[in-house]
Amino acid sequence: MRSTIQSEALRSVSGLSLLAVYLVAFLLPAFVLFSDGSRLDVAGLDPAAATTRLLEPLAWSAVSAAFVGAYGVTREYYYGSMDRTLTSVGFRRAFAGKLVAGVLVALALSVGLFVVWTAGVAVFLSRSGLSLTLTPDGWRLCAGALVGGVLGALIGGSIGWITRNYYVTAVFVLVLPMVGELALLRTVPEVAKFSPGLALAALGVPGYQGRLLEFGPALVVALAWTAGLVAVAWTGGRRRAG
């Protein structure tokens, strides 16, 4: 199993198409940051509050992790190489290997994103006459976002196995959370907060603006989505594999 995981992780970080994954990982938090221009207004805030506000978009990196988790699966379906992989290692090893590799790559990418983003925040704050100040809230935000990244990668990988299509999966793991769920958050937040993307985001920013779930309920909802989608993906994949 270790060799399968290593092989899948290597596939996930090879090829020029990986640049698109890096771009998505950065653009999603950036989209959240710039979609609300007031977030960049740090006038009158103390350094700790300003730092935390600018780090909050990292909570949506869990959506990026879903795309990363799906990439190793949908890439093979896109290039028509999945049948060869299933023949060589079997469905069980391929399924588990791709999910675990997706989680590992998503975590590595998330940590790298956090470092780059935090450096950018430090530069922005210095130009505003403030200094980067990481408080326990800031560290909890990053830790919660990493938990969301793990579950997000599993959700994305499962959706990839279910749809077996690169573009359909991209709609489910990128467009739906960033467009559909955010639109619902503005209109019916009492329903939207139970959606998978917003439940994952709530792990990093619990109770955000009074619209997202608190950490405990968000974790329960996110785990339920993860377990359900993994079960559906496993059952469907086993049936197709015969």
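The values are calculated or read from the model by the stated rules, or taken from the named source; none is laboratory data. Keep in mind that what you see is a predicted model, and the values were worked out from it rather than measured. So basically every Cβ, Gly included, is an ideal-geometry build from the backbone, and we count neighbours across all protein chains shown. These area figures cover heavy atoms from the full protein model, side chains too; ligands, DNA and RNA do not enter into them. Shrake-Rupley method; radii C 1.70, N 1.55, O 1.52, S 1.80 Å.
At 222 nm, what value in deg cm²/dmol follows for the chain if DSSP H runs of at least 4 each add -39500 (n - 2.57) and the sum is divided by all its residues, to the nearest 500?
Working: 12 runs with 179 residues, N = 242.
Taken over the chain, the calculation gives -24000 deg cm²/dmol.
Dividing the convex hull volume of the alpha carbon atoms of the range 114-228 by its residue count, what do you get in Å³ per residue? It would help to have the intermediate numbers written out before the result.
Numbers: hull volume 14.5 nm³, N = 115.
Convex hull volume per residue, Cα atoms: 126 Å³.
Between 117, 225, 139, where does the largest GNM mean-square fluctuation fall for the chain, given springs only between Cα atoms within less than 10 Å?
Between 117, 225, 139, it is 139 that shows the largest mean-square fluctuation.
With springs connecting C-alpha atoms under 10 Å apart, model the chain as a Gaussian network and identify which of 73, 205, 42 has the largest mean-square fluctuation.
42
When the accessible area of the range 66-136 is computed with all protein chains present and a 1.4 Å probe, what percentage of it is carbon and sulfur?
64 percent
Rank 134, 154, 236 by how far each Cα sits towards the positive end of the charge dipole of the chain (+1 on Lys, Arg Cβ; -1 on Asp, Glu Cβ) and give me just the farthest.
After comparing all options, I get 236.
Of the candidates 186, 53, 140, which one comes out as most mobile in a Gaussian network treatment of the chain with C-alpha springs shorter than 10 Å?
Per the Cα network of the chain with a 10 Å cutoff, 186 tops the list.
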